[in-house]
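Some notes on the structure that comes next.
Where a number appears in this text, it was derived from the coordinates with a stated rule and is not lab data. What you see is a predicted model; the values in this text were computed from it and never measured. Cβ coordinates were reconstructed from backbone atoms using ideal geometry, including for glycine residues, and neighbour counts include every protein chain displayed.
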Amino acid sequence: MSTPRFLADEDLRRSLVTATRRLQPAIEFPTAVELGLSATPDPEILEFALANGWLVVSHDVNTMKAAAENRVRNAQGIAGLFLAPQNRPVRTIAESLVLVWTASEAEEWRDRIVYLPL
């Protein structure tokens, strides 16, 4: 079992990544841009995340969710997808991510799509 690591999709507000890192500096939470994945299509982000053990965090409740559902339905799998609607408070979502990091294993989120906050 392994500690959850998060990957911020390109559309995720930087303030959410920053808030999460401030609450728990040990959390691995790079952005797609930091990893050189700018303008990468959602299915490829999900594939990259699965191959590298990253749980994806995104505001994109439409196309990212659809891409994840398609991968799960076709037995391609996802490491996990956390959807954070943009109208939710940043701190509340950051606290949920810290809770996931603290109280779970990365493998528990395999093929799951979860809305934040928890």
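Paramagnetic label reach from Asn52 (point 7 Å along Cα→Cβ; backbone nitrogen cut-off under 16 Å): within the stretch 84-108, no residues. Of the residues Tyr115, Ala19, His59, the one whose Cα sits farthest toward the positive end of the charge dipole of the stretch 6-115, with +1 on the Cβ of Lys and Arg and -1 on the Cβ of Asp and Glu, is Ala19. Build a GNM of the chain with springs between Cα atoms under 10 Å apart, and of Glu95, Glu34, Glu107 the one that fluctuates most is Glu34.
Charges at C-beta only: +1 for Lys and Arg, -1 for Asp and Glu. How large is the resulting dipole of the chain about its Cα centre, in Debye rounded to 20? Kindly include the intermediate steps, with their values, before the conclusion.
Working: 12 positive and 15 negative charges, 77 e Å.
Computed about the Cα centre, the dipole is about 360 debye.
Take the Cα radius of gyration of the chain and divide it by 2.2 N^0.38 Å, N being the number of residues; the result is 0.94.
How much mean residue ellipticity at 222 nm does the chain get from its helices, if each DSSP H run of length 4 or more adds -39500 (n - 2.57) and you divide by all residues, to the nearest 500 deg cm²/dmol?
Numbers: 4 runs with 46 residues, N = 118.
Helix contribution divided over all residues of the chain: -12000 deg cm²/dmol.
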